[in-house]
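Let me begin by presenting the structure, written as structure tokens, before commenting on it.
The values are calculated or read from the model by the stated rules, or taken from the named source; none is laboratory data. Just so it is clear, the structure is predicted and the values come from calculations on it, not from any experiment. Note that each Cβ is placed from the backbone with ideal geometry, even for glycine, and that neighbours are counted across all protein chains shown.
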Amino acid sequence: MGEIQEEPRDEDEDGFKKSDKAAKAAEVDLSARLSKEGKSQSKAGFGEIWRLIKVARPEIRWLGLAFCFLVISSSVTMSIPFSVGRILDLATKGDVDDIRLFGLTLNQFFIGLGAILTLGAMANFGRVILLRIVGERVVARLRSQLYRRTYVQDAEFFDANRVGDLISRLSSDTVIVGKSVTQNLSDGLRALFSGGAGFAIMVWTSPKLTGLLLLMFPPIAVGAVIYGRAIRNISRTIQKNLGTLTKIAEERLGNVKTSQAFVGEVQEVGRYNKQIRRIFALGKRESLIAATFFASTGWAGNMTILAMLIVGGSFVRSGAMSLGDLTSFMMYTAFAGSSLFGLSGFYSELMKGVGAASRLFELQDRRPGIHQTVGVRVKSAQGPIKFSDVSFAYPTRPAVKIFNGLNFEIPSGSNVCVVGPSGGGKSTVASLLLRFYNPTSGSITINGVDVSTMNVKSLRRRIGMVSQEPVLFSGTIAENIAYGKPNASRMEIIAAARRANCNFISDLPDGLETQVGARGSQLSGGQKQRIAIARALLKDPDILILDEATSALDAESETLVNEALAGLLRGHSTTISIAHRLSTIKRSDQIIVLNNEGKVAEIGSYTQLAADKHSAFSKLMEWQMSGGEIPEKRSSNSGPGITEAEEIEEDLAREEDFHEDPEKEHKDQEREEKEERQRQ
């Protein structure tokens with residue numbers, strides 16, 4: 001269990017006195033939440049840097065070839081100062097009739113030098129293009145691995161983490177890491193090679209001038225280390241805030257109609273701009289640090305060159321060194337200074353990469369509490385379903401008990417309805433059966449086998465689900481119907497669509513190939529629900545879960561969906577309906593009534609429970625039929641001294657008489673819709 005954090009709030013700040021339940025809900029367990037800065041929030045050790053570099057290990061052959069090109073191009077570049085020095089020495093000699101350089105005439109030498117420079121340019125081209133391609137491969141591989149790693153996490157992980165932050169890690173962080181281990185690594189090696197070669201030639205040319213130059217190195221090196229650490233910390237903070245920015249955009253744009261309905265455009269743009277200003281402020285801070293570092297090191301470099309000219313000039317006048325040697329030395333000094341700047345930039349970019357990589361490694365290293373591929377493979381989920389003394393609290397709210405000793409059994413092939421008050425854990429029954437979570441204590445068995453020992457993937461393949469708000473993915477209707485069975489034939493998809501009463505497909509121009517839009521935005525609620533039912537039908541599950549499958553629909557859509565559900569209920573599946581509508585409850589073989597204490601209040605058929613005027617089921621139905629109104633206020637319309645049981649009997653009688661009076665049915669239907677809106 002991770003660290004428990006409390007979220008204290010002023011008792012009167014929102015006008016509501018906090019209950020004991022609120023106090024328990026304030027105790028949150030965020031052990032599954034990824035840190036915003038990544039695993040390593042202090043200094044980056046060699047192990048973390050080495051792990052970052054190892055990200056590119058699968059591309060080692062191409063990186064090796066790129067390194068060979070780097071050596072060639074750098075060698076060509078480093079030969080230029082030496083050649084210039086020799087040419088100047090020859091040009092300053094008195095006898096210029098027969099000037100030869102390296103055994104070549106000047107014309108031959110210049111032609112050869114041009115060929116070498118061309119070779120260097122070609123090698124540089126090969127280096128750049130190879131590193132760009134390898135960088136794209138690294139980013140693609142990282143994104144694929146992390147996306148897969150994210151998808152196998154358990155429900156607790158997604159309860160504790162924001163989708164926007166995960167998207168940021170998959171997008172911008174991977175780009176930074178890919179650049180760090182390819183282009184940036186190449187630039188660092190190039191700077192190291194050029195600097196090392198240049199320094200060696202400088203020592204060979206003039207040890208005294210080289211010693212003077214070394215006096216300036218320690219301050220610059222210390223400044224580079226300080227700068228790199230500062231850049232790493234700012235980079236982590238910027239990436240964290242970019243994740244928040246992505247979260248804001250993803251959440252708000254995904255619900256833009258709701259925002260527009262409440263005229264919330266201004267406040268949403270303001271919220272987005274506020275986060276942009278935070279990132280901009282961090283960017284300005286990073287710019288200030290970078291400007292200070294590069295300006296100070298540039299000034300130090302210029303002062304060093306000035307000192308070299310003063311001392312070197314005296315050497316030339318005294319004959320201690322030639323003008324060509326001094327020129328070569330100064331050019332190599334410039335190369336060494338440029339390499340030093342390159343190494344500083346390499347270090348700062350490497351620290352950026354470490355900051356981004358630490359966020360990726362944290363996600364990559366997380367092991368889910370429920371492993372999807374571990375356990376006994378489930379060939380069939382038919383058989384009785386039994387909850388034995390099950391206790392449960394959501395991992396992020398461990399103090400809020402949802403179930404406390406829950407016991408019930410569902411016969412194989414039966415149609416069972418789970419009812420209860422809001423927040424009583426009806427949908428949690430489905431979550432536990434699908435193993436999105438494990439019970440805190442107790443056991444859940446299917447045909448005598450504990451689900452905790454089952455392979456999660458194979459278990460879920462045997463369970464179908466139709467939820468209150470059906471989730472459709474961008475793509476065609478056919479793709480969404482076949483989502484649970486990707487290898488389904490066209491005829492199977494058509495048969496499932498017909499059984500689910502998806503006749504509206506005939507009215508669409510592209511039929512089954514119609515694009516449903518993001519989250520099914522191009523379809524109505526009833527159409528989406530029937531596609532969800534077709535998806536469940538095609539899967540041919542052993543256990544079918546209907547979670548408020550018709551509660552959000554209008555009367556016409558509900559009728560069509562109920563007809564489709566009737567086809568599901570005639571199958572061999574064990575059906576678990578989570579519902580509050582009487583039409584759904586009445587067609588069940590058995591009703592399980594939950595209470596607010598996380599236990600079963602009573603179990604029985606509709607006839608048995610409705611006959612008991614004092615049963616929890618009767619009271620629950622009375623409350624729902626009243627639209628949530630206080631029963632005493634309705635008693636004046638029902639006659640003096642009417643009891644709750646008599647009132648619910650009247651409501652149930654009205655439901656049963658729908659078919660006898662069409663006009664009355666229409667009025668009662670309108671009343672039900674009004675009550676439904678009030679309840680929601």
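Can you tell me which residue is modelled with the highest pLDDT among those in segment 245-280 that are closer than 21 Å to Arg169 by Cα and small (Gly, Ala, Ser)?
The extreme case among them is Ala249.
Counting just the residues of segment 382-403 that are at pLDDT 90 or above and of a type in the set (A, V, I, L, M), which one comes out surrounded by the most Cβ atoms within 10 Å (Cβ to Cβ)?
The selected residue is Val390.
Only residues that are closer than 20 Å to Gly405 by Cβ and without any contact (Cβ under 8 Å) to a residue 40 or more places away in the chain: list them for segment 587-608, please.
Within segment 587-608, Glu602, Gly604 qualify.
Rundown of residues vs (1) under 26 Å from the mean Cα position of the chain (by Cα); (2) within 22 Å of Gly211 (Cβ to Cβ), yes/no style:
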| position | (1), (2) |
| --- | --- |
| Leu253 | yes, no |
| Lys257 | yes, no |
| Val266 | no, no |
| Leu309 | no, yes |
| Gly312 | no, yes |
| Phe315 | no, yes |
| Ala320 | no, yes |
| Asp325 | no, yes |
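Results for (1) at pLDDT below 85; (2) of a type in the set (A, V, I, L, M), shown as yes or no for each residue.
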position	(1), (2)
Ile477	no, yes
Tyr483	no, no
Asn501	yes, no
Ser506	no, no
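If we keep just the residues of segment 444-474 that are polar (S, T, N, Q) and surrounded by 16 or more Cβ atoms within 10 Å (Cβ to Cβ), which is farthest from Thr584 (Cα to Cα)?
Just the residues of segment 444-474 that are polar (S, T, N, Q), to begin with: 445, 447, 452-453, 455, 458, 467-468, 474.
Pick out the ones that are also surrounded by 16 or more Cβ atoms within 10 Å (Cβ to Cβ) and you get 445, 455, 458, 467-468.
Working: Thr445: 26, Asn455: 32, Ser458: 29, Ser467: 14, Gln468: 13 Å.
Restricting to residues being polar (S, T, N, Q) and surrounded by 16 or more Cβ atoms within 10 Å (Cβ to Cβ), the top hit is Asn455.
Taking the criterion of being more than 30 Å from Tyr347 (Cα to Cα) and either surrounded by fewer than 14 Cβ atoms within 10 Å (Cβ to Cβ) or over 16 Å from the mean Cα position of the chain (by Cα) (or both), would at least one residue in segment 150-159 satisfy it?
Within segment 150-159 (the criterion being more than 30 Å from Tyr347 (Cα to Cα) and either surrounded by fewer than 14 Cβ atoms within 10 Å (Cβ to Cβ) or over 16 Å from the mean Cα position of the chain (by Cα) (or both)), the answer is yes, since at least one residue qualifies.
Scan segment 469-495 residue by residue and report those that are within 21 Å of Glu548 (Cα to Cα) and either of a type in the set (Gly, Ala, Ser) or more than 28 Å from the chain's Cα centre (by Cα) (or both).
Hit for segment 469-495 is Gly484, nothing else.
Among the residues of segment 307-343, what is the count of those that are out of contact with any Phe, Trp or Tyr (no Cβ under 9 Å at 6 or more places or on another chain) and outside any loop (DSSP other than H, G, I, E, B)?
Residues of segment 307-343 out of contact with any Phe, Trp or Tyr (no Cβ under 9 Å at 6 or more places or on another chain): 307, 309-311, 313-320, 322-324, 327, 329-330, 333-335, 337-338, 342-343.
So of that shortlist, the ones also outside any loop (DSSP other than H, G, I, E, B) come out as 307, 309-311, 313-318, 323-324, 327, 329-330, 333-335, 337-338, 342-343.
The total comes to 22.
Please find, within segment 569-612, the residue that is modelled with the lowest pLDDT out of those that are part of a helix (DSSP H, G or I) and hydrophobic (A, V, I, L, M, F, W, C). I'd like the intermediate steps shown before the answer.
We begin by selecting, within segment 569-612, every residue part of a helix (DSSP H, G or I); these are 569, 582-586, 606-611.
Filter again for hydrophobic (A, V, I, L, M, F, W, C), leaving 569, 582, 585, 609-611.
Values: Leu569: 65, Leu582: 74, Ile585: 82, Leu609: 84, Ala610: 83, Ala611: 83.
Only one residue fits best here, namely Leu569.
Restricted to segment 508-526, and to residues that are assigned to a helix (DSSP H, G or I) and at pLDDT below 85, which residue is farthest from Gly464 (Cα to Cα)? Steps first, please.
Narrowing segment 508-526 to residues assigned to a helix (DSSP H, G or I): 511-513, 518-520, 525-526.
Okay, now just the ones that are also at pLDDT below 85, so 518-520, 525-526.
On the way: Ala518: 22, Arg519: 19, Gly520: 19, Gly525: 19, Gly526: 19 Å.
Per the stated criteria, the residue is Ala518.
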